[in-house]
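No value in this document is a laboratory result; all are computed from the given coordinates. Just so it is clear, the structure is predicted and the values come from calculations on it, not from any experiment. No Cβ is skipped: glycine too gets one built from the backbone with ideal geometry, and neighbour counts run over all protein chains shown.
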Ligand SMILES: Nc1ncnc2c1ncn2[C@@H]1O[C@H](COP(=O)(O)OP(=O)(O)OP(=O)(O)O)[C@@H](O)[C@H]1O
Ligand SMILES: [Mg+2]
């Protein structure tokens, strides 16, 4: 599904190297988790994959189902099935949540040569999905993320993911700021979407989320590289001992 | 489905429209085609003969001709104002046609088949429904054909003349007069005499005075006491002929306790040469009456290098003459190379209210200097100004507003909110508020913000699948939401689409 080879990334504006040779392959239907200390480059990786400006790829490649991602505009990557649940979801004043999502859904359908969803069909689908995530009708009408609580913003990201039905979902610290019940809702939302044709890359600091969303593979990222890859037990090890031992092992 | 859900659905529909329109238009001015119709022109230039000729073509009584001539005499002694923050090459007032009308208007067509198909095609492109197209084209008996859907009475002004007004009969039943101003001068001289020039006197300003001398047509509305106008009234103005100035004159009178909502839409073909438009709109609102006046101004803005476009110099003023009179101006100004326009409210009656909601978009080399004047004369008068200015490309956008509280306007209130949004680094936004408070019980509040389109917002939209132009349109529509919501539904859709179209090419 997603293949990242020797990815080197620096900031466009300054001479600061952030990713220093990331290698990562996520197979179809798999869930991979990335853990790692603050500032190690996890969010940067998700931004570069989704095409945010301000970064320069100096070496390496990233493909989604064989398509070169790095050559595409952000919206083309989205239409190809890449979705990023933002660590810090963005507020858009004056634009209704529902309007935003419908515009997005139809833009992707159009890009893929599919018919647009009618207003009625769209409403039917979004109501059902919002209900599962306990997002009320009121929140669907409010401007995108404006005045949402931290947890509401994260649930809203998962609603968007459920509506857009992407193939490759990157979740950047979606569990941060969620209370125990909300975490369960989000995890259920993710698990409901798990299938053979869809993969997940879950960035998190906590083992707890991985109790609910069982990963196939866990990676540890430090200083712009994946320094260790293992099974779910690796997350437990981090939870219990922190990163010190792992960082030590590396040198 | 609940009422709220219905609304969401419509709003959603609106947005899909925006997106579809943007995509189908890709980079061009939508109304930029030109209709090749045989026209009757008066000779170029302006002088007393031309003024007489226009008056004669409209079969006006002598008092009207004299009114025009005295305005012309005054105009000859006036000089063009230069205080606005707009720059344009000198206008040669003698190098314009002041009168043009489609030849086919000479004889009334019997059925749609007899109508100049090009005229019909024009209306169709403008999105005017078929039944209205028939009436507008002057088809006999078209009024009796049942119309589908919601009713909006339309008057269309094609270059210099009004080509027809729909739903006249039904409006007549309610006592509402809605016709072209030339017809009103002939058929309702007592009303025209009583009100014309009482809000914008012929001596008001350079452009208004010129208009008073040479206005060729426009719309007239009279709503009698206690009548709620049974449908929205609307006028489409279109400049088609080349080198032709359009000088329309609109007069709206809402008598005691009446209500009317009036919509105005404007388009013009693409031309390399600039074209002049100098309109005057006068609104009289008597005791307890209410008028909503909405404009979607989409005159041709010129090309991306600043060539061509409409020079739009407009004087619009509403006079809340009676106590508790209310007026609401809503404008979406996306077109024109140069816009000079300050729809104003004279709050004369006690407890009268004026509101002004504005979206002004300037892209490429467009220049907009627009705003409002709220003149508080009566006690307990209230006004509210919400202005959203969007600048892109090399455009300059100025909000110029006057709030004046006179000594007798005790306990009056004004609230002004003025937001500017910049797209790219070569454009400018300016806010010029003038505030005069001449009593100590009144209060004026003014808030202003200037911001840039946020890259994070654009990236967020694009990550969800929208292309850059869709993303900008969505963010800008969000920025304008308060004003868009003040528009009647039909116009809100058109306006959202226009916001998107007028910002094309502003990113990337
Ligand atoms: N635009 C930028 N300007 C300056 N520094 C940047 C920029 N973007 C990223 N960085 C730096 O790159 C490094 C990696 O940041 P990134 O946000 O990817 O870390 P992270 O692993 O997601 O951390 P966290 O766990 O705290 O979310 C940090 O040192 C950060 O300060
Ligand atoms: Mg991060």
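Worth a mention:
- Each residue in B:87, B:430 was given a count of other beta-carbon atoms within 10 angstrom of its own, and listing them fewest first yields B:87, B:430.
- Using a Förster distance of 51 Å, the FRET efficiency for residue B:439-residue A:248 (Cβ separation, nearest 0.05): 0.10
- The share of C-alpha pairs in the range A:7-75 whose separation exceeds 14 Å stands at 61 percent.
- Shape metrics for the range A:173-247, restricted to C-alpha atoms - Rg then Dmax, Å: 12.9, 36
- Cα centroid separation, the range B:334-351 to the range B:436-469 (Å): 21
- Between residue B:82 and residue B:203, the FRET efficiency estimated from the beta carbon spacing at R0 = 22 angstrom works out to 0.70.
- With a simple spin-label model that places each label point 7 Å from the Cα along the Cα-to-Cβ direction, the separation between residue B:47 and residue A:223 comes to 8.9 nm.
- Distance between the modelled labels on residue A:109 and residue B:304, one decimal in nanometres: 3.1 nm (7 Å Cα→Cβ projection).
- Simple spin-label estimate for residue A:196 and residue B:450 gives 6.0 nm between the two label positions (7 Å along the Cα-to-Cβ direction from each Cα).
- Förster-model FRET efficiency, 45 Å R0, residue A:14 and residue B:169, C-beta, rounded to 0.05: 0.05
- Entry note, chain A: relative contact order of 28 percent, from Cα contacts under 8 Å with a spacing of 6+ residues.
- Rg and Dmax over the alpha-carbon atoms of the range A:1-133 stand at 17.1, 51 Å.
- Ellipticity estimate at 222 nm from DSSP helix runs (n ≥ 4, -39,500 (n - 2.57)) divided over chain A, nearest 500: -11500 deg cm²/dmol
- Of all DSSP bridge pairs formed entirely within the range A:2-250, close to 60 percent run antiparallel.
- Considering the range A:118-251 at the alpha-carbon level, its Rg and Dmax are found to be 17.0, 59 Å.
- Column: log10 I(q)/I(0), Debye, Cα scatterers of the range A:187-227, q = 0.28, 0.31, 0.33 Å⁻¹: -1.09, -1.21, -1.29
- Translational D in µm²/s for the range A:2-250 (Stokes-Einstein at 25 °C, 0.890 mPa s, Kirkwood Rh from C-alpha pairs): 131
- Whole-angstrom gap from the range A:208-251 to the range B:371-418, using each part's C-alpha centre: 60
- The per residue volume of the convex hull around the alpha-carbon atoms of the range B:401-453 is 55 Å³.
- Among B:223, B:281, A:217, the ranking by other beta carbons within 10 Å of each residue's beta carbon, starting with the fewest, stands as A:217, B:281, B:223.
- Semi-axis lengths (Å, descending) of the ellipsoid that matches the C-alpha gyration tensor of the range B:280-338: 33, 10, 5
- Rounded if a/c under 1.5, otherwise prolate or oblate - the range A:146-213, Cα gyration tensor axes: oblate
- This ranking places A:228, A:167 by how few other beta-carbon atoms lie within 10 Å of each, fewest first, which gives A:167, A:228.
- Cα shape, the range B:248-404, gyration tensor, a/c 1.5 rule: prolate
- Sorting the segments B:398-405, B:68-75 by their mean number of nearby beta carbons within 10 angstrom, highest to lowest, gives B:398-405, B:68-75.
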